[in-house]
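Structure, as structure tokens:
The values are calculated or read from the model by the stated rules, or taken from the named source; none is laboratory data. Bear in mind the structure is a predicted one, so any value in this text is a computation, not a measurement. Positions of Cβ are generated from backbone atoms using ideal geometry, with glycine treated the same way; all protein chains shown enter the neighbour counts.
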Amino acid sequence: MTDVKQADFLGSWERQDAMPHTEFPEFAFIGRSNVGKSSLINMLCSRKNMARISSHPGKTQTLNLFRIDRKLQFCDLPGYGYAKVSKVQREKFSKMIQHYLMGRSNLMCLFVLVDLRIPPQEIDIEFINTTGEAGIPMAIIGTKADKLGKDKLQENIDAIHKALLEYWEELPPFIISSSEEKIGKEEIWNFIHQACTLFKPEKK
Ligand SMILES: Nc1nc2c(ncn2[C@@H]2O[C@H](COP(=O)(O)OP(=O)(O)OP(=O)(O)O)[C@@H](O)[C@H]2O)c(=O)[nH]1
Ligand SMILES: [Mg+2]
């Protein structure tokens, strides 16, 4: 299913415990502000502006849910590490994200997005390491691959792998993408479908 037939925005929440419980497996998208989370969701769903995009960082400020083909859900999360957001607001986002990650029982996988145009950022590596340690199933998606030539792209990918291997014995799944050029769409969908086969709905 790389061809999404129905994609509905279900709403925005500020707290995980207020979100609706569902029997559908959920996949969440996180990463630094402006890394391309909302764009990736739109690319995967072949929609233009279902998840709201902005060239200004800090666009997504709530937990936004989307239901895809009545089978699974996406959650678009606020970005982390945006310096221009006040400390109070950053702490609020951080708590929102932590509660979501720890409390959402149908979360199948967290996609952590990293910008391939730049060398590994400490805040990303730190987030991946602590989230991995907390036992959250996760995969990494490199974004904006269209912005680099082949050599520079490989150089940055190698640098990210190297930074992660200082902590991990084995790398989490790593997928390269570009929402602009629709790179990685099939690979991400294959990953999602594979993960869905392992989903067991919670017994009420
Ligand atoms: N060249 C290129 N630009 C991209 C790509 N993905 C996103 N962008 C641009 O990056 C900017 C940020 O995209 P968003 O999808 O809003 O990023 P976000 O991670 O959701 O940002 P916040 O919600 O603010 O945390 C926009 O100007 C997008 O057009 C990509 O694959 N290639
Ligand atoms: Mg966004």
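Could you tell me whether segment 148-171 includes any residue that is under 16 Å from the mean Cα position of the chain (by Cα) and of a type outside the set (F, W, Y)?
No, segment 148-171 contains no residue that is under 16 Å from the mean Cα position of the chain (by Cα) and of a type outside the set (F, W, Y).
Would you confirm, using the coordinates I've provided, whether E14 is crowded, with 21+ Cβ neighbours inside 10 Å and among the acidic types (D, E)? For E14, the condition - crowded, with 21+ Cβ neighbours inside 10 Å and among the acidic types (D, E) - is not met. One residue alone among R67, R32 is within 16 Å of the chain's Cα centre (by Cα) and more than 16 Å from ligand 2 (Cβ to nearest atom), and that residue is R67. Scanning segment 69-88 for residues that are hydroxyl-bearing (S, T, Y) and within 13 Å of ligand 1 (Cβ to nearest atom) gives Y80, Y82. Selection of first residues in segment 65-92 that are closer than 17 Å to M19 by Cα and surrounded by 14 or more Cβ atoms within 10 Å (Cβ to Cβ) and of second residues that are at pLDDT below 90 and among the charged types (D, E, K, R), restricted to Cβ pairs under 7 Å at least 6 apart or on distinct chains, gives an empty result.
Which ones in segment 55-95 are part of a helix (DSSP H, G or I) and not basic (K, R)?
V88, Q89, E91, F93, S94
Of all the criteria given as (1) in a loop (DSSP other than H, G, I, E, B); (2) within 9 Å of ligand 2 (Cβ to nearest atom); (3) buried (at least 18 other Cβ atoms within 10 Å of the Cβ), the one not satisfied by M50 is (2).
Among the residues examined, F199 qualifies as of a type in the set (F, W, Y), modelled with pLDDT under 95 and either more than 21 Å from L77 (Cα to Cα) or assigned to a strand (DSSP E or B) (or both).
When segment 19-35 is filtered for residues that are within 15 Å of F9 (Cα to Cα) and among the charged types (D, E, K, R), only E26 remains.
Number of residues in segment 23-47 that are touching a residue at least 60 places away in the same chain (Cβ under 8 Å), surrounded by 13 or more Cβ atoms within 10 Å (Cβ to Cβ) and either of a type outside the set (S, T, N, Q) or in contact with a Leu (Cβ under 9 Å, 6 or more places away or on another chain) (or both) equals 15. Checking each residue in segment 105-151 for being without any contact (Cβ under 8 Å) to a residue 40 or more places away in the chain and farther than 22 Å from C75 by Cα picks out R117, I118, E122, A145, D146, K147, L148, G149, K150, D151. For segment 58-68, the criterion of being more than 21 Å from T143 (Cα to Cα) and within 11 Å of ligand 1 (Cβ to nearest atom) is met by at least one residue.
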